[in-house]
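Worksheet: one structure, shown below.
The values are calculated or read from the model by the stated rules, or taken from the named source; none is laboratory data. Please read all numbers here as calculations on a predicted model, not as lab measurements. Here Cβ is always computed from backbone atoms with ideal geometry, including for glycine, and neighbour counts include all displayed protein chains.
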Amino acid sequence: MALYILRRLLAVIPVMLVVAVFVFLLIRLGPGDPAAQLAGDAATAEDIQRIRERLGLHLPIHVQFITWFGNILQGDLGMSIANNRPVSSLILARLEPTLMLTLTTIIFVVLVAVPLGAIAAWNHGRWIDRAVMAFSVLGFSIPVFVLAYILIYVFAMWLGVAPVQGFVSPTDSLYRFFAHIALPVLSLSTIYIALVARITRATVVETLGEDYIRTAYSKGVRDRDILLKHALRNSWVPVVTVIGISIAALIGGVVVTESVYNIPGLGRLTVDAVLASDYPVIQGLILVFSFTYVLINLVVDITYAALDPRIRY
Amino acid sequence: MSITTRNWTAGLLAAVVAIPAANAAFVSSADAEEVVLRAVKHSALRVLDPIMTTAYMSRNHGYMIFDTLFALDENFEPQPQMVDTWEVSDDQLTWTFTLRDGLLFHDGELVTSDDVIASLRRWGERDAMGQELMRYTEEMNAVDDNTFEIVVSEPYGLMLESLGKPSSNVPFIMPQRLAETDSTEPIPEQIGSGPFVFVDEEFEPGAVAVYRKFEDYVPRDEEPSWMSGGKNVHVDRVEWVNIPDHGTALNSVISGEIDWMENPPWDLIAVAENAPNVVGRQLQPLGSQGMMRMNFLHPPLDDPKVRQAIMYAVEQESYMQALVGPPEYYEVCGAMFMCGTPLETDIGSAPLLEQDLDRARELLEESSYDGEPIVIMYPTDVITLSGYPPVTAQALEEAGFNVDLQATDWQTVVSRRASMDPPEEGGWHLFHTNWVGFDVANPIVSQGLVAGGREAAWFGWPDFPEFEELRRSFAAADGAEEQFAVAEQIQEQAYENVMYLPLGQYIEIAIFGDHLEGVLEGPAPIFWNIRKND
């Protein structure tokens, strides 16, 4: 296993290399000029050219790439063009809100969706199963921003039991953290609860039809033990896959939630950087996202082995 | 019901009852120890150098932490701000200024004449009005720590107006070591002598900017009027929170989490004004002007008849209806220097105020136009601009033009408009933008009227040396009457040449909680003089 993990970690290097080259080229092939953005509306073409030269954007693209890549190898993601601050510090400052939102959401999703899916499967074909499936369809159908506005209206504006927007670090105040994160988590988690509950239900229904479950019944094993120890445990692999994909999708896909609830996370930083053509920040963010995806895939693969003794690397 | 279940139910009920009471705590707990004013601005603060960029957020940041030598009052008169006394020699060539005593930078150092001279030099490299002043300036000398003089080559009628220029770029005074930074590079520190201190360690670009009251600031005794007069600060801390979603920002003002929202979209203003405890008011007195700019370098718009045909084909009212909607928020105004300013005149503007397609077709017939498509850049992502291009496209088609309306995003427009290439090779024929009224309020600050060609003019690059001479004679004009006469000539010629087309004048409404007292009007948002009541 240790060798496998080492091999997978080494494989990260060529993946990141390819990502770095593509990101650098694609961003520069797209429209936009950070110097023009920086200079402001009243700047003349000459002003913009002077700023372009200061930023080194007038240099041939391969020279720019060599400089940037050399810095990356030394762990330096460069300086933000728009904000004149180190890219690494900008990303670090925005990491916590996104991480907290993602982790809280995924914990909430697992705590709600897995039992929901298992209960639906256990009651396969009955009203409770249909109710869970109906919720699942609704959860898939409702856009995050619509749900977010409804939740804000009901809980923040009408009932007054939650703030409209903002983020508070749990290290500042745990109570205020949960108060601020509750509505964003509810908005964001609905679609993933629907997804994970559906997968859990389908997998558990399939597992409940296996021969060893019938054997367990005939041996007189209690219903609860059949569901929890036999059916659910053997259904974890596909569920974990979906959870892994969900975490990856969440990290890169929280833009809407962060915008509606004004959470200063990585999603908003990405949008701002794209709008400002802030090349170093976009490049840094994509590298971080790519690395995170690779890491999540690795963790999911390792989890397979832990959950299913038949899987060995 | 089991005891356990009963306990759970009771606990849940208690929690539901307790949450609203606790909610007040999390909403306002940060304000318990100090008075915090939270504002949502029109955009996020990014560039912390109001000289390097003309971005309005950087200008607004400048007004928080820097001070100015002069400042404009509500009568459009420059009033002394950092300056105590000043005099001009009999030959009108030497201006001598004395600073107020006790002016301090945020690092505790005294403001000196050297700081002022270095700041004016840097501003003079970037700003159109600053460049004009520097063209006249022979030398700037520090007489002593508190007194400096500006020697000009010939009498310059806009000296005080230049030093009190209210909008981008504003001649802010900064320490000499910062002012010596190359004007294309951002200054490395945020040290000014203004009424607020920038809290660098709490600054999150794109998210929040924080300012504290500068305890050692010495306000003037006069009543505040626009950017002039006493800058008395009555809050401990100001936070500029960037909330990208307008609906969320508005809800935050209504719920009391945010005190002030700078300019909500027009369709949300009615919602805000119907909400309890929320006030809507126009704070920027002149509003803004829409602008259509043509490219003078390439056919067919290098032909004045084609440009005039476009002027006859369009009308302001259609643009304002498309962009703004409710008529109470806009006005049809032919004055290039804005309605409501001392230079307001409608001379030459008649063709723009009423569509005349017959005349447009006639002009087109007489012109060199041979049916090539007119490339219009259409930024679909900026709500305050996306209304203009379709109106232009429709009017031009009705007049007989072929139109190539190219949907794109604003950042592409910003970079593409700097291209002097022909439209078929990545250039352009026509784009639209908006200007804050103070940035077009006279012929020197108005970028659309600079006619210095490829070298000196703004995008579109008109090249009319006689017009440039006329524009410069405004700077040399003696007194308001003479300035107005020159401005009239400039506007008349500008319309003849179709230097640009003003598309109407619209206002923006700021909304804020009615617990705020003393909110001032001005060319830029003002955070002094405000009291936050319970």
Next on the checklist: Being of a type in the set (S, T, N, Q), within 18 Å of A:I27 (Cβ to Cβ) and either surrounded by fewer than 18 Cβ atoms within 10 Å (Cβ to Cβ) or in contact with an Asp or Glu (Cβ under 7 Å, 6 or more places away or on another chain) (or both) narrows it down to one residue among A:S259, A:S277, A:S290, A:S218; which is it?
Outcome noted: A:S277
Next on the checklist: Out of the residues in segment A:41-55 meeting the condition of being facing chain B (nearest Cβ under 7 Å) and over 16 Å from B:N169 (Cα atoms), tell me which one is surrounded by the fewest Cβ atoms within 10 Å (Cβ to Cβ).
Outcome noted: A:R54
Checklist entry - Which of the residues belonging to segment A:1-59 are part of a helix (DSSP H, G or I) and among the polar types (S, T, N, Q)? => result A:Q37, A:Q49
Next on the checklist: Suppose the filter is without any contact (Cβ under 8 Å) to a residue 40 or more places away in the chain, part of a loop (DSSP other than H, G, I, E, B) and not β-branched (V, I, T); does A:P170 pass it?
Outcome noted: no
Checklist outcome for this item: Reported set for segment A:151-176 where residues are within 12 Å of chain B (Cβ to nearest Cβ) and exposed (fewer than 13 other Cβ atoms within 10 Å of the Cβ) is A:W158, A:D172, A:L174
Checklist entry - When you go through A:A121, A:A134, A:A148 one by one, which is the residue that is within 14 Å of chain B (Cβ to nearest Cβ), assigned to a helix (DSSP H, G or I) and modelled with pLDDT of 90 or more? => result A:A148
Item to check | Check on B:V199, in the same structural domain as B:V111 (by TED's automatic domain parsing), modelled with pLDDT under 95, among the aliphatic types (A, V, I, L, M) and surrounded by fewer than 20 Cβ atoms within 10 Å (Cβ to Cβ) | outcome: no
Next on the checklist: Tell me yes or no: at least one residue of segment B:472-482 is in contact with a strand residue (DSSP E or B) (Cβ under 9 Å, 6 or more places away or on another chain) and over 24 Å from B:V324 (Cβ atoms).
Outcome noted: no
Next on the checklist: Scan segment B:91-114 and tell me whether some residue there is out of contact with any Ser or Thr (no Cβ under 7 Å at 6 or more places or on another chain) and closer than 23 Å to B:G448 by Cα.
Outcome noted: no
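To keep it simple, each residue is scored yes or no on (1) under 23 Å from the mean Cα position of the chain (by Cα); (2) crowded, with 21+ Cβ neighbours inside 10 Å; (3) modelled with pLDDT under 90.
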site	(1), (2), (3)
A:F178	yes, no, no
A:Y192	yes, yes, no
A:D223	no, no, yes
A:R233	no, no, yes
Item to check | segment B:444-461, subset among the aliphatic types (A, V, I, L, M) and in a helix (DSSP H, G or I), residue surrounded by the fewest Cβ atoms within 10 Å (Cβ to Cβ) | outcome: B:A456
Checklist outcome for this item: Among (1) at pLDDT below 95; (2) buried (at least 18 other Cβ atoms within 10 Å of the Cβ); (3) outside any strand (DSSP E or B); (4) touching a Ser or Thr at 6+ places or on another chain (Cβ under 8 Å), B:W435 falls short only on (3)
Next on the checklist: Looking at the structure I just gave you, is A:I91 more than 30 Å from A:V239 (Cβ to Cβ) and modelled with pLDDT of 90 or more?
Outcome noted: yes
Next on the checklist: Being surrounded by fewer than 19 Cβ atoms within 10 Å (Cβ to Cβ), of a type in the set (D, E) and within 14 Å of another protein chain (Cβ to nearest Cβ): is that true of B:D236 here?
Outcome noted: no
Item to check | helices (runs of 4 or more DSSP H) wholly inside segment B:93-208 containing at least 2 residues that are within 14 Å of chain A (Cβ to nearest Cβ) | outcome: B:113-126, B:128-136
Item to check | Pick from segment B:212-233, criterion without any contact (Cβ under 8 Å) to a residue 60 or more places away in the chain and more than 16 Å from B:Y63 (Cα to Cα), ranking: nearest to the other protein chains (Cβ to nearest Cβ) | outcome: B:E215
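Conditions tested, residue by residue: (1) under 12 Å from the mean Cα position of the chain (by Cα); (2) of a type in the set (A, V, I, L, M, F, W, C); (3) modelled with pLDDT of 90 or more.
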position	(1), (2), (3)
B:E33	no, no, no
B:V40	no, yes, yes
B:L48	no, yes, yes
B:M57	yes, yes, yes
B:N60	yes, no, yes
B:D67	no, no, yes
B:F70	no, yes, yes
B:N75	no, no, yes
